[in-house]
Amino acid sequence: MSDRMDSGAQRRGFVRGVAFTLMAFALIGASVTFAKTRYEDLALFTSVLTHVRSNYVEAVDEHDLLTGALNGMLRKLDPHSAFLDTDAYEEMQVDTRGEFHGLGIEITKRQGEPIEVVSPIDGTPAQRAGIRARDNIVTICPTEPPEEWTEECRSTKNMSLLEAVQLMRGRKGTEITIHIMRSDFDEPRPFTVKRDVVHIDSVEGKLLEPSYGYLRISAFQERTDKELFESLEQIHEDVEESAEVGSEEPPSLRGLVIDLRDNPGGLLDQAVKVADAWLDEGVIVYTQGREAAQRQDYLATPAQSEPEYPIVVLVNEGSASASEIVAGALQDHGRALVLGAETFGKGSVQTVYPLEGGAALRLTTALYYTPSGRSIQETGIRPDIAVAPLEIPTMRVEAPRRMRERDLEGHFTQEEADPDEAGSSGEEAGEEKQGEFIDAQLDRALEVLKSWRYFEQLRQPQEVADGSV
């Protein structure tokens, strides 16, 4: 009996050995095939580069050709992955530091169209010169035109966003002229702006009325969390100072508006720290990479939580990425009501890898999800209270539709960002009236906060009558 068992075991061992050997040969064959394909592709690339270098009608800069090839390769992935040359990488670092020499405007661009102003930054040369959100910069006349230019000014239609930024930045005290087209202009008008040091304070706080606070977060930069707590501390101090003498109730913040409109996002860790200010437990956001094991949860901590008070978060189509993380976290935890328009819908996470020579690679490495497991990729955060953009009375036309994630070529779709699949593998809210800007969304937010308190007071006698404590 034991001899038969030993013989059967030997046969099974032999079969397993043959199977393992065949599998090894298959893997080696696949590896060789892959290496061969990769070598052939590289040889093809080298052949094309050689032909261009030898036969193109003009002399070429091989560095520019290789950079263009890298850009083209990454554009095949998604709109947010990119090769960053030294200038682009420095520009990204400037954005996160929050200080530079320039005009002080946030800009965006559609292919083949002029540069559009998202918004001028408060207290900057651009704002003082009268530049407004939604202005189109149709022509740039730089202080020192590049050597290859044959003209003093150039249209922005065929410029890249980075090229436009580099032309408008410059030494403090130097001037630049840009031509602006506005909805009520008959033709573009020149605006001459003197450059200055632009400090981008990402958080601004104030009281709207006694006991009702307002926080404007314009971007998520390296110091945003520190600026947030400084602003909150100041708001609480202002509430105490504004308390009525002899009031029976101790002074306290009765409600807060967090304004994330036209906030394009920024650093993920800063978004987590900002949301953590009002949450004391649970998931703030989680990211999911290609493999199931690549999930990372970002959790709330009770250490720095603010007191309980009603919160309304203002968002619009320009609220993207980190803004959507904060809005989604507060919404899912029931900590705030979200008011405004659907957000941009950028639900992907980019990691920056520094490269040789001062360049860098910005690569989409994960998608992020709100605490309830929602992906906002392509769809955005849907507000609890929708407040549509109003008509501008002087124009009698609706504001133009804003660009969102779904408009970008090559974006991830909502289906691709489905959490089950991932786990297994500005001015648009107001109107011009006699030269005064009315912010209808902010007015509505304050109205909601006051109503919140009113209905809480109505509910308290009912709870006593029902025997609730």
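A few notes on this one:
- Where N is the number of residues in segment 99-199, Cα Rg divided by 2.2 N^0.38 Å: 0.98
- FRET efficiency for the pair Arg382 and Asn55, taken as 1/(1 + (r/R0)^6) with r the Cβ-Cβ distance and R0 = 51 Å, rounds to 0.40.
- Distance between modelled label sites at Glu204 and Thr177, nm, 7 Å Cα→Cβ extension: 3.0 nm
- Gain on full stretching of the segment that runs from Ala69 to Thr365 - 0.36 nm per residue minus C-alpha separation: 104.5 nm
- In segment 99-199, a dipole from Cβ-located charges (positive for Lys and Arg, negative for Asp and Glu) runs towards its positive end, and of Val138, Met168, His101 it is His101 whose Cα lies farthest in that direction.
- Set Lys109/Lys194; Lys76/Lys273; Lys76/Lys172; Lys157/Lys273 screened for pairs whose C-alpha atoms are more than 31 Å apart: Lys76/Lys273; Lys76/Lys172; Lys157/Lys273
- Residue list for segment 172-193, given a label point 7 angstrom along the Cα-to-Cβ vector of Thr143 and an amide N cut-off under 13 Å: 172-177, 193
- Stretch gain in nm, segment Arg110-Leu44, where the contour uses 0.36 nm per residue and the Cα spacing is subtracted: 20.4 nm
- Computed from label points 7 Å out along Cα-Cβ, the spacing between Lys194 and Glu152 is 2.0 nm.
All of the numbers you see were taken from the coordinates with simple rules; none came from a lab. It should be emphasised that the depicted structure is a prediction, and the values quoted were computed from it without experimental measurement. Cβ coordinates were reconstructed from backbone atoms using ideal geometry, including for glycine residues, and neighbour counts include every protein chain displayed.
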